[in-house]
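First the structure, in the form of structure tokens, and then the observations on it.
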Amino acid sequence: GFADPVKLWRQGEQDILLDGDHRLGIAIGLGYRDVPAVWVDLEDRDAANNWIINNQLGRRNCSPTYAHYIRGKLIVSAVKGAKRGPRLDEDKAIPTADHLAERYNVSPRTVARSKDYAIVMSDLAEKTGYEPDAIAKLDITLDVAKDINKLPHAAVGEALEAISRGEEARVVSEA
């Protein structure tokens, strides 16, 4: 049986998997035809992305560095969402570091660093074509990520590949 159903979101005629990709893959591989599922009611794709991120933050297998990255994605999303609103009244005010720190139970300094980390991961992804989540899962620090981001465009992918092979210290100093 299944300890936890997969989570889906319906967008138009399509069901989009929010959580349970590994469970679903294993079930299909084992020949299951029916898999327990729960549909989550969400407003739009941004809300679905935020649901996924919040869900990931609660996982026991989420490394501190990866949590830093996904918390940063939520912070960037919260700031963008507030700026997109038609009016910036009290309900739509841009969240401050203090408010976000309280929401995510971290310090305002951590909020700023998480936001910076998410932005640097996106920059590295643009330069390499890799998924930002995959880069964040390399568990590199913000300072190392910033150093790599300063490398010539062509060297960024090489540096990330070397780090994935466990050569972090040598790559940053030699690149």
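Brief remarks follow.
- Residue 141 being surrounded by 19 or more Cβ atoms within 10 Å (Cβ to Cβ) and out of contact with any Lys or Arg (no Cβ under 8 Å at 6 or more places or on another chain): no
- Scope the stretch 4-32; condition farther than 21 Å from residue 57 by Cα and part of a loop (DSSP other than H, G, I, E, B); matching residues: 12, 13, 30, 31, 32
- Taking the stretch 3-35 as the range and being over 18 Å from residue 55 (Cα atoms) and surrounded by 14 or more Cβ atoms within 10 Å (Cβ to Cβ) as the test, the residues that pass are 27, 35.
- Annotation note: of 45, 60, the sole residue that is open to solvent by 60 Å² or more (accessible area, probe 1.4 Å) and at pLDDT below 80 is 60.
- Residue 52 aliphatic (A, V, I, L, M), open to solvent by less than 60 Å² (accessible area, probe 1.4 Å) and not in a strand (DSSP E or B): yes
- Among (1) in contact with a Pro (Cβ under 6 Å, 6 or more places away or on another chain); (2) surrounded by fewer than 17 Cβ atoms within 10 Å (Cβ to Cβ) - the single one residue 121 does not satisfy: (2)
- Residue list for the stretch 75-113, filter: among the acidic types (Asp, Glu), more than 18 Å from residue 50 (Cα to Cα) and modelled with pLDDT of 55 or more: 98
The values are calculated or read from the model by the stated rules, or taken from the named source; none is laboratory data. Bear in mind the structure is a predicted one, so any value in this text is a computation, not a measurement. Here Cβ is always computed from backbone atoms with ideal geometry, including for glycine, and neighbour counts include all displayed protein chains. Side chains included, ligands, DNA and RNA excluded: accessible areas come from the protein's heavy atoms. Shrake-Rupley method; radii C 1.70, N 1.55, O 1.52, S 1.80 Å.
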